[in-house]
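Each reported figure results from applying straightforward, stated rules to the coordinates on display, with no laboratory input. Just so it is clear, the structure is predicted and the values come from calculations on it, not from any experiment. Here Cβ is always computed from backbone atoms with ideal geometry, including for glycine, and neighbour counts include all displayed protein chains.
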């Protein structure tokens, strides 16, 4: 008597796939490997995952264009750019297309006032590290309009007293790093009035 084993396609439920994916803390691994397992895994990652991405390589127009076309732009919730990756404030525009982004670290990219203006339009951000970007007083004014921010690192931007005054109006902030900005005693008084800071 011959026994034949039925070959069955074992398919995990979407919930099981998501649980497996959520145990992996490397977003690049998820994008480069897990997405290739099957269409089901691809869709689960696209629809449910919250990706944390760190960029370490220089941005080119081609790289930005490819990223803009990515189906995962709305899965990115946290982005960190290494120092000096962006060549111009215009390159900041594509970041505003990440509609689920809640945390952004763009320190040391010299995005200036124009870049600060683009970032200030991101109403979903709650955490921003924009230190060492040369945004000055005008950039501080744009950033101060981000009423949803709870954490801000605006160090080393030469925002001076006037910029400190703008930042002191951010009543929702619970964490602030404002060192090396030339705010002096007067600027320090404005910041000291922010009683909500931890």
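Principal axis extents of the Cα atoms in the stretch 9-49, from largest to smallest and rounded to whole angstrom, are 27, 17, 16. Among 106-117, 35-46, the peptide with the highest mean count of other Cβ atoms within 10 Å heads the list, and the full ranking is 106-117, 35-46. Cα-based values for the chain, radius of gyration first and Dmax second, are 21.5, 94 Å. Using alpha carbons only, how many angstrom separate the centre of the stretch 30-84 from the centre of the stretch 122-196? Taking the Cα centre of the stretch 122-196 as reference, the centre of the stretch 30-84 is 30 Å away.
Once both labels are positioned 7 Å from their Cα atoms along Cα-to-Cβ, the gap between residue 147 and residue 24 label points is 4.1 nm. Judged by the gyration tensor of its Cα atoms, with axes a ≥ b ≥ c, the stretch 112-198 is oblate; a/c meets the 1.5 cut and b/c is at least as large as a/b.
Helix-only arithmetic for the chain: the sum of -39500 (n - 2.57) across DSSP H runs with n ≥ 4, divided by the residue total, places the mean residue ellipticity at 222 nm at -10000 deg cm²/dmol.
Using C-alpha pairs below 8 Å separated by at least 6 residues, the relative contact order for the chain is 12 percent.
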